[in-house]
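A short write-up of the structure that comes next.
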Amino acid sequence: MSDKLSRSRVLRVVYTALGLLFLVLGFVGVGVLGIPTFDFILLAAFFFAMGNERLHEWIVNHRLFGPMIRDYRAGLGFTRRMKITGVVAVVASFALTIGLTVRNLYLGAGLTALAVGICWYIVSRPTKHLESAAV
């Protein structure tokens, strides 16, 4: 058993269920603009690490999601494309939510502050530069 796996069977089930939930949201984010893929996949990997070693190994070695997770854990940061996509997704989703549903000024201000904080976090991470292909 991995050092990160919970000793409690109940917690492992809860962590695995949360990992599956965030994995599904991540897959939805691949096809739907405005839903962040990376955040959900990173959360899925986090919960799988504590709840299900087999699913954790699968997601970390996945051909699409694995490199993102490994790079983030290694401190390499996000690619420029990931940063732009992330900021656009946050701004679009928060703007739609605030514009269409929020009628309370304080709630709108709080959500705006949260969106600014998330965008700052994304932009402040190291920028991973892709190695150019050999010509």
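Dipole of segment 7-135 computed with +1 at Lys/Arg Cβ and -1 at Asp/Glu Cβ about the Cα centre; of 122, 51, 84, farthest Cα towards the positive end is 51.
Each Cα pair of segment 1-74 feeds into the Kirkwood radius, which the Stokes-Einstein equation turns, at 10 °C and 1.306 mPa s, into a diffusion coefficient of 130 µm²/s.
Only DSSP H runs of four or more residues enter the estimate; each adds -39500 (n - 2.57), and after division by the residues of the chain the mean residue ellipticity at 222 nm equals -23500 deg cm²/dmol. Screening the chain for DSSP H helices whose Cα atoms reach 20 Å or more along their own axis and whose mean Kyte hydropathy is at least 0.0 gives 9-31, 37-51, 80-101, 105-124.
Projected onto their three principal axes, the Cα atoms of the chain cover extents of 52, 49, 25 Å, largest first.
Since every read-out is calculated from the coordinates, none of them should be taken as a lab result. No experiment lies behind these values; they were computed from the predicted model shown. Here the Cβ is made from the backbone with ideal geometry for all residues, glycine too, and neighbour counts use every protein chain on show.
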